[in-house]
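Take a look at the structure set out below.
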Amino acid sequence: MIKDFIREHEAATDLTGEIARLLAAGDLAAAGALLPPLAAELASHWRGEEDGLFRVMRGDPEFAAYIDALEAEHRELAALLATVDLASPADRAVLLTAFQELHEHIAKEEDGLFPASLIALTAADWNDSMAAWQRAHPGRQPSRPG
């Protein structure tokens, strides 16, 4: 499942990179057309994380504040993607800054929370996390080790 989260991170950062390239080229329409797929990719990813891995890890007080901050970052980016006006130079600048912050956010998950989960979670926690990931990704199966 961690592999799936990482693949989703890569898909999101690929989209942000393409949007940034299009914005730099002045193609606001093409950049804008990629915002809904980005928002959809992130929404299912966040649902899988928050309803699964984050929920079970929050049971340990050591991780609660860290997870709260990650979820707040999810909300902030979701709100921005829903309201950004690419015709506005100020909004474009805010969006590009948010894309950089997304890279930092991903590092917090991949370098901090994900490795900690490998040590902290029980088999039941992993089962709960995988079930939540599957609910967030209907019709897809998580990766299996091997």
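The values are calculated or read from the model by the stated rules, or taken from the named source; none is laboratory data. Because the structure is predicted, anything quoted here is derived from the model rather than measured. Don't worry about glycine lacking a Cβ; one is built from the backbone with ideal geometry, like all the others, and counts go over all protein chains shown. Each accessible area value is taken on the protein alone, full model and side chains, heavy atoms only, with ligands, DNA and RNA left out. Shrake-Rupley method; radii C 1.70, N 1.55, O 1.52, S 1.80 Å.
For region 63-74, state whether one or more residues are among the aromatic types (Phe, Trp, Tyr), under 22 Å from Ala30 (Cβ atoms) and outside any loop (DSSP other than H, G, I, E, B). Within region 63-74 (the criterion being among the aromatic types (Phe, Trp, Tyr), under 22 Å from Ala30 (Cβ atoms) and outside any loop (DSSP other than H, G, I, E, B)), the answer is no, since none of the residues qualifies.
Taking only region 106-134 into account, find how many residues are assigned to a helix (DSSP H, G or I) and open to solvent by less than 50 Å² (accessible area, probe 1.4 Å). I'd like the intermediate steps shown before the answer.
Restricting attention to region 106-134, the residues satisfying the condition of being assigned to a helix (DSSP H, G or I) are 106-120, 123-134.
With open to solvent by less than 50 Å² (accessible area, probe 1.4 Å) added as a condition, the list becomes 106-107, 109, 112-114, 116-117, 120, 125, 129-133.
Selection size over region 106-134: 15.
Scanning region 5-59 for residues that are at pLDDT 95 or above, of a type in the set (Ser, Thr, Tyr) and buried (at least 16 other Cβ atoms within 10 Å of the Cβ) turns up just one, Thr16. Summed over region 88-146, residues that are at pLDDT 95 or above and among the hydroxyl-bearing types (Ser, Thr, Tyr) total 2.
Please state which one of Leu96, Leu86 is assigned to a helix (DSSP H, G or I) and among the hydrophobic types (A, V, I, L, M, F, W, C).
Numbers: Leu86 fails: assigned to a helix (DSSP H, G or I).
That would be Leu96, the only listed residue that is assigned to a helix (DSSP H, G or I) and among the hydrophobic types (A, V, I, L, M, F, W, C).
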